1. Please verify whether the stretch A:45-57 includes one or more residues that are modelled with pLDDT under 90 and more than 20 Å from B:I14 (Cα to Cα).
2. Here are the criteria: (1) more than 15 Å from the chain's Cα centre (by Cα); (2) modelled with pLDDT of 95 or more; (3) assigned to a strand (DSSP E or B); (4) more than 16 Å from A:Y75 (Cα to Cα). Tell me which single one A:D181 does not satisfy.
3. Does A:N138 satisfy being at the interface with chain B (Cβ under 9 Å from one of its Cβ atoms) and either crowded, with 17+ Cβ neighbours inside 10 Å or among the small types (G, A, S) (or both)?
4. What are the residues in the stretch A:83-128 that are surrounded by 14 or more Cβ atoms within 10 Å (Cβ to Cβ), over 24 Å from B:I39 (Cα atoms) and out of contact with any Pro (no Cβ under 8 Å at 6 or more places or on another chain), if any?
5. Check whether at least one residue in the stretch A:72-83 is over 17 Å from A:G214 (Cβ atoms) and either within 12 Å of chain B (Cβ to nearest Cβ) or hydrophobic (A, V, I, L, M, F, W, C) (or both), and report yes or no.
6. Contact list please: Cβ distance under 8 Å, first residue in the stretch A:2-22 and surrounded by 10 or more Cβ atoms within 10 Å (Cβ to Cβ), second residue of a type outside the set (D, E) and part of a loop (DSSP other than H, G, I, E, B), pairs at least six apart or on different chains.
7. Take the stretch A:24-59 and flag every residue that is touching a residue at least 40 places away in the same chain (Cβ under 8 Å), more than 14 Å from chain B (Cβ to nearest Cβ) and not in a strand (DSSP E or B).
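The values are calculated or read from the model by the stated rules, or taken from the named source; none is laboratory data. Remember, predicted model here, so these are calculated numbers, not experimental data. Note that each Cβ is placed from the backbone with ideal geometry, even for glycine, and that neighbours are counted across all protein chains shown.
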Amino acid sequence: MSTLEVNKITPQGVATEVTLGDSGDTFTIPSGVTLTNNGTANNFSDCVLISSTSMSGTATAVNITSGIDSTYTFYRFYYINVSAAGAGNTLFMRISSDGGSSFISSGYKHTGFEANYTGGSTSSAVQGATGFVQLGNNIPNYGDNTTEGACGYVEFYTPSVSRKPVFTGLSSQFSDNGDADAYYWGGYYGTATTFDAIQIGASNNIYGTLKLYGYK
Amino acid sequence: MKKLVISKENPNGILVDLTSEELAQRELDLTYIEELKQIKIDKEARIASAKAKLAALGLTEAEIKDTFGL
């Protein structure tokens, strides 16, 4: 066994790639060794961050038009500390089959169970929608308090396979009137289709963070 | 009125004006969202009415909640 001691490995000439070993080879990282990634590491995990978006109240919709394909079996889309300008906002998601040129606005069958606690009493409601996947309703008003938000996720599966797309998810929030809301939902789009883009929309301009992950 | 479009070319997003079709859809969306809210408000009103009628029959608030989940 020989040891190669260098400070940097660079592709030769105009090439931009370096290949380590051949199929069947094993590279071992010994105990105590630190591997630091300051770039992009592809395929090291079954879960990969596809996109991260910060929303600062400049748009009523966010269209994610890349990264949704056959690469992953399912996708989980997180929305973090999301609020919107104005009172009584609804947050929703739609799908597109044409790369985001248009988004489907009917034909969904969405249902969710909302549990509410005011601090003194509880209530619950079953909700339904056909115009979109409803991620939350009565989400915090950014204009009232910038420290309040809705957090949650929606999952979708095999978007490149022509099926009736199924959605699952949950959210929790400090509602616009100060209650704790937990919202669990599921549903589907009623026509078999592939899709390659999603839209997150609200009644008014949106604040917060969106992160889309793919899972193998 | 704008949308933020995330793409391979613009991974951090680019702000784009809504088209006339998207503006029209947004108006439909706002109407639809209000309809959904009204459905919820109407249901809550029916529940409140039912609770009041049960209370008038002599049931306590705890009895109504434990028995009927209201």
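1. Yes.
2. Tallying (1) more than 15 Å from the chain's Cα centre (by Cα); (2) modelled with pLDDT of 95 or more; (3) assigned to a strand (DSSP E or B); (4) more than 16 Å from A:Y75 (Cα to Cα), A:D181 fails exactly one: (2).
3. Values: at the interface with chain B (Cβ under 9 Å from one of its Cβ atoms): yes; either crowded, with 17+ Cβ neighbours inside 10 Å or among the small types (G, A, S) (or both): yes.
Yes; evaluated as a whole, the condition is true for this residue.
4. The answer is A:S96, A:S97, A:G99, A:G100, A:S102, A:F103.
5. Keep residues of the stretch A:72-83 that are over 17 Å from A:G214 (Cβ atoms), which gives A:80-83.
Narrowing further to those that are either within 12 Å of chain B (Cβ to nearest Cβ) or hydrophobic (A, V, I, L, M, F, W, C) (or both): A:80, A:82.
Yes, the stretch A:72-83 contains a residue that is over 17 Å from A:G214 (Cβ atoms) and either within 12 Å of chain B (Cβ to nearest Cβ) or hydrophobic (A, V, I, L, M, F, W, C) (or both).
6. A:P11/A:V18
7. A:D46
Let's see how each residue does on (1) among the basic types (K, R); (2) part of a loop (DSSP other than H, G, I, E, B); (3) over 23 Å from B:E34 (Cα atoms); (4) touching a residue at least 24 places away in the same chain (Cβ under 8 Å):
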{"residue": "A:E148", "(1), (2), (3), (4)": "no, yes, no, yes"}
{"residue": "A:G152", "(1), (2), (3), (4)": "no, no, no, yes"}
{"residue": "A:F156", "(1), (2), (3), (4)": "no, no, yes, yes"}
{"residue": "A:V161", "(1), (2), (3), (4)": "no, yes, yes, yes"}
{"residue": "A:T168", "(1), (2), (3), (4)": "no, no, yes, no"}
{"residue": "A:S171", "(1), (2), (3), (4)": "no, no, no, yes"}
{"residue": "A:W185", "(1), (2), (3), (4)": "no, no, no, yes"}
{"residue": "A:T209", "(1), (2), (3), (4)": "no, no, yes, yes"}
{"residue": "A:L212", "(1), (2), (3), (4)": "no, no, yes, yes"}
